[in-house]
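Report on the following structure.
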Amino acid sequence: MTGADEEPSLLAARDVSKTYGESWRGRSQSRERQALAGVDLTVTRGETLGIVGESGAGKSTLARLLLALDVPTRGSVRYRGRIVSGRPERELRDFRRHVQIVFQDPSSSLDPRMKVHDLLAEPLRALAIEVDEGEAVRRLLDRVELPESAANRYAHQLSGGQRQRVAIARSLGPSPEVLVADEPVSALDVSVRAQIVNLLTDLVLDTGLTLVIVSHDLAVVRHLCRRVAVLYRGAVVEAGETEEIFAAPRHDHTRELLAAAPRIRARGVGPASETVVG
Amino acid sequence: MTGLSVRDLEVSYHGLPLVTGVSFDVRAGERVGLIGESGSGKSLTALAIMGLLGVGLVAHGRVTLGGEELLAAPDRRLCELRGDRISMIFQEPATALNPTRRIGAQVGEALRAHRGLRRRDLRRAVVDLLGRVELPEPERYARLYPHELSGGQRQRVMMAMAISCRPDVLLADEPTTALDATVQAKVINLLDRLVDEQGCALLLITHDLAVVSQTCDRVVTMYGGRVVESGPSADVLGAPRHPYTAALVATAVAATLDGPARIGHLPTIPGSVPAEGRFPSGCPFRDRCGRAIPSCTVMPADRRDGERVVACWNPVADDTDAALGVRESQPEPSAYPVSAQPEDPR
């Protein structure tokens, strides 16, 4: 049981493994692939956690398991101490309301047939949250710094950055405790990327939202997350305070990731340019 | 080897100018990065060079490839040149490839058309190309269809097509933007190596300044359909003169591990790129620019300083650190020129 002086665990993965089965026909690869192997991860209330790793490390698999969108082959995921992994959807209503997701590409995560108003109102209706819909939509648009007039637009009429704002607003509708964002800015232009990072920063600072960012982008994780977990070949190889780990990585793979992170290497640019290995 | 020269290029849509007075060179074997936010006119410039503008879009000015004029060239001549002397890699390989034809047939198309290769010679050349873009089992991949490949593999196929006839000039329009973020670095490294091996000139369109700093000799910054700055990439990225380039660099540096270490706001460029044709008169950047002065209502002429060119009435001087605000203001997030201004929906 959690002691009174300990940080309460909000969302936790215990020894989760995930093996994907038979490959689809046409591919001559091996039959089974282990995406995750015995991962332990705890997200406490109000914390910001980054899950980093290269392509195929298991980041997105872990995110899906934390969101109860997939069932682990072994182990369990708990929300507020109750197992959510493998539960039927009708028992997850409370969980769905309190744990929300933002996807990488808002162009494909937003229904092109719905206006922004409906995109934002849909989760409220689906979860039977009783609010004044118009008022709720106005509040959400304001929260993500979009004008009220955006409510009457379709997603395709918005820029990439505006679409990601809508996706974030949609996830905030049910007033979640936890927001899981899978590569929330990697599909965006660099200047728009900074705007979305700033918006997420404000959400965390203003509302105490618990934020889990899944990303290959170490810089984004460093801007947004106090804690970080490094995934490598389906296992957490290093976890702890972001600043400490980035300053003094212990695992070889963390060092590799840090060395491979993009840098603007032209001379004179950036404070660390003299330390950059060319 | 020959280079590409663009002079006073203008692209308009039913009289509405979208690209204005664009001039730059890509010398033989040189790598030039064309940077700027989405909506700055980068892709239109590339499509105009290739003679691939859509219906209603008209290009004026001069585009020459090894001295030969392209804009005025008849379609038949362009067909001879495209895929042979000049070729292009597009942003979205899933739509640039024909879904109904096998990879091998598509990669071999230019060799068939321009080099007259057939049968065994063609097959051998295609397999060799697929191997050079590091596709595993090139023989097998040649028989697959685009949908059986991953995004990164499709972009490798695009590269194989583009380099098949050893062009003098290669245009790459955001070649990695549509790819999974972790695959991007691998594809850029491959592009870098292929260009090196072939010694062809490269015009790389991207908003990723880290990539530009690592691969390009020179940089051309576009905004509002105009070239606002150009010069050697180390100089331009190291000490930008145009406030727009400076803002791009500050934003980009902050988005790398050289940016601020602690949680807080990142610098952004105030406002957003307006819709096509909605840029202000005079300098297109003046309504977003912190250094704007009354003269900016008139478009500034290019100021030349050796290899460097900047079109600005009030450029960032070498001795000011406004350009490198990130470096100067690192300790306190509050010191950043933060703009919380959202983009306006169009």
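The values are calculated or read from the model by the stated rules, or taken from the named source; none is laboratory data. Since the model is a prediction, treat every value here as computed from it, not as a measurement. Please note: Cβ atoms are built from the backbone with ideal geometry, for glycine as well, and neighbour counts cover all protein chains shown.
Quick look at the numbers
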| read-out | value |
| --- | --- |
| Residue satisfying all of: in segment A:54-79; of a type in the set (G, A, S) and within 18 Å of A:I101 (Cβ to Cβ); nearest to the other protein chains (Cβ to nearest Cβ) among these | A:S60 |
| Counted residues, segment A:71-120 - those being in a loop (DSSP other than H, G, I, E, B) and more than 30 Å from A:L158 (Cβ to Cβ) | 10 |
| Enumeration of residues in segment A:183-213 that are within 11 Å of chain B (Cβ to nearest Cβ) and in contact with a strand residue (DSSP E or B) (Cβ under 6 Å, 6 or more places away or on another chain) | A:E183, A:V204, A:L211 |
| Residues located in segment B:261-288, provided they are within 15 Å of B:T245 (Cα to Cα), crowded, with 17+ Cβ neighbours inside 10 Å and within 14 Å of chain A (Cβ to nearest Cβ) | B:P267, B:T268, B:I269, B:S272, B:V273, B:F285, B:R288 |
| Every residue from segment A:125-162 that is aliphatic (A, V, I, L, M), crowded, with 18+ Cβ neighbours inside 10 Å and more than 22 Å from A:D202 (Cβ to Cβ) | A:A155 |
| Condition check for A:R170: within 12 Å of another protein chain (Cβ to nearest Cβ), outside any loop (DSSP other than H, G, I, E, B) and not aliphatic (A, V, I, L, M) | no |
| When residues of segment A:3-35 are limited to those that are closer than 16 Å to A:T61 by Cα and of a type in the set (S, T, N, Q), the one modelled with the highest pLDDT | A:S17 |
| Selection from segment A:50-71 of residues that are buried (at least 24 other Cβ atoms within 10 Å of the Cβ) and touching a helix residue (DSSP H, G or I) at 6+ places or on another chain (Cβ under 9 Å) | A:G50, A:I51, A:V52, A:G53, A:A57 |
| Hey, A:G81 more than 22 Å from A:L172 (Cα to Cα), among the small types (G, A, S), without any contact (Cβ under 8 Å) to a residue 40 or more places away in the chain and exposed (fewer than 15 other Cβ atoms within 10 Å of the Cβ) or not | no |
| Members of segment A:150-167 found to be at the interface with another protein chain (Cβ under 8 Å from one of its Cβ atoms) and under 16 Å from the mean Cα position of the chain (by Cα), listed by number | A:R165 |
| Hey, A:L140 more than 29 Å from B:T177 (Cα to Cα), touching a helix residue (DSSP H, G or I) at 6+ places or on another chain (Cβ under 9 Å) and more than 11 Å from every other protein chain (Cβ to nearest Cβ) or not | yes |
| Subset tally (residues that are among the hydrophobic types (A, V, I, L, M, F, W, C) and farther than 20 Å from A:V131 by Cβ) for segment A:147-177 | 2 |
| Members of segment A:245-267 found to be surrounded by fewer than 21 Cβ atoms within 10 Å (Cβ to Cβ) and away from every other protein chain (no Cβ under 11 Å), listed by number | A:A248, A:P249, A:R250, A:H251, A:D252, A:H253, A:R255, A:E256 |
| Residue check, A:R90 among the basic types (K, R), closer than 15 Å to A:A68 by Cα and without any contact (Cβ under 8 Å) to a residue 24 or more places away in the chain | yes |
| Matching option when the condition is of a type outside the set (A, V, I, L, M, F, W, C) and more than 20 Å from the chain's Cα centre (by Cα), among B:R101, B:R85 | B:R101 |
| Subset of segment B:175-217 that is within 12 Å of chain A (Cβ to nearest Cβ) and touching an Asp or Glu at 6+ places or on another chain (Cβ under 7 Å) - its residue that is farthest from B:E10 (Cα to Cα) | B:T182 |
